[in-house]
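The structure appears right after this line, and notes come after that.
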Amino acid sequence: MSRPIAVLIGSPGSGKSTVGAALAARLGAPLVDTDAEIETRAGKPIGDIFVEDGEPAFRELERAVVVEALTGHPGVLALGGGAVLHPDTRAALAGHHVVYLQVEFADAAKRVGLDQARPLLLGNPRARLKALLEERLPIYESLATVTVSTSTHRVEEAVEEIVARLPAARNGEG
Ligand SMILES: Nc1ncnc2c1ncn2[C@@H]1O[C@H](COP(=O)(O)OP(=O)(O)OP(=O)(O)O)[C@@H](O)[C@H]1O
Ligand SMILES: O=C(O)C1=C[C@@H](O)[C@@H](O)[C@H](O)C1
Ligand SMILES: [Mg+2]
């Protein structure tokens, strides 16, 4: 059984996929992005899963994919923004190196593109994103072993910050 080197959590637009890919490249390790893995398993985009099967079905598929990756993936693991909402996922994160990518609301809004049709931002995307960030902040903070801001760090700076703060045995210096 292998464990991820680092697990990235954070809100939509925090940069989990972008920083995850750059971190994996920097470490010469594979990346699993659970959103992409869910789409592969379901054979359709996440938006379609929400519309056709509903959010509870999406969360259950997400739980299964995330819990499996936490015990079977040896590289960098980027989680979907809402994966931490499931209690099984929170429990399964115990003992992992969990990197919380923190982002200011204004940056997240710019990056996500508030005119996009994201299932959880339907209606009033700006208000929904703000509420979502506020609701989830304490959850992300409680799970983090390391927090890195992608509002104050560019992608490459965030990667170097994460590498510097990896447990010694994992950053090539231990
Ligand atoms: N400092 C930064 N760190 C990370 N991404 C950044 C940064 N500055 C700008 N970006 C841009 O912000 C976007 C982040 O999107 P990304 O898909 O990586 O976020 P995510 O956390 O995976 O969100 P999602 O919940 O949609 O999966 C990308 O377009 C990236 O190029
Ligand atoms: O914040 C969320 O709940 C989500 C974020 C995305 O990564 C996807 O996992 C999906 O759109 C749900
Ligand atoms: Mg992503």
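Using only the Cα atoms of the stretch 51-152, what semi-axes does the equivalent ellipsoid have when each is the square root of 5 times a gyration tensor eigenvalue? Give whole Å, largest first. Mind dumping the intermediate values first?
Details: eigenvalues 109, 71, 26 Å².
They are 23, 19, 11 Å, listed largest first.
Got a sec? Charge dipole of the chain, +1 on Cβ for Lys and Arg, -1 for Asp and Glu; which of 10, 31, 162 is way out at the positive end?
Farthest towards the positive pole: 162.
Suppose every K and R has +1 on its Cβ and every D and E has -1 on its Cβ; what is the size of the dipole of the chain about the Cα centre, in Debye to the nearest 20?
Numbers: 18 positive and 23 negative charges, 40 e Å.
Value, rounded to 20: 200 debye.
Computed FRET efficiency, Cβ-Cβ of residue 156 and residue 41, R0 41 Å: what is it to the nearest 0.05? Don't jump to the answer; show the numbers that get you there.
On the way: r = 32 Å, r/R0 = 0.77.
Here the calculated transfer efficiency is 0.85.
For the stretch 18-104, state the semi-axes of the equivalent ellipsoid (square roots of 5 times the eigenvalues of the alpha-carbon gyration tensor), sorted largest first and rounded to whole angstrom. Mind dumping the intermediate values first?
On the way: eigenvalues 94, 46, 32 Å².
Taking √(5λ) for each Cα gyration eigenvalue gives 22, 15, 13 Å.
From the P(r) of the stretch 1-54, could you give the percentage of C-alpha pairs in the tail past 19 Å? Write out the running numbers ahead of the final one.
Numbers: 573 of 1431 pairs.
Of all Cα-Cα pairs in the stretch 1-54, 40 percent lie more than 19 Å apart.
Using the Cα atoms as the points, what is the convex hull volume per residue of the chain in Å³?
Working: hull volume 18.7 nm³, N = 174.
Spelled out: Cα convex hull of the chain, divided by residues, is 107 Å³.
Net charge near residue 152: determine it from the other residues with C-beta under 11 Å of the C-beta of residue 152, scoring Lys and Arg +1 and Asp and Glu -1.
Working: positive: 154; negative: 104, 107, 157, 161.
Net charge around residue 152: -3.
Each reported figure results from applying straightforward, stated rules to the coordinates on display, with no laboratory input. Everything quoted here is computed from the prediction, not taken from an experiment. Note: ideal-geometry Cβ built from the backbone for every residue, glycine included; neighbour counts use all protein chains shown.
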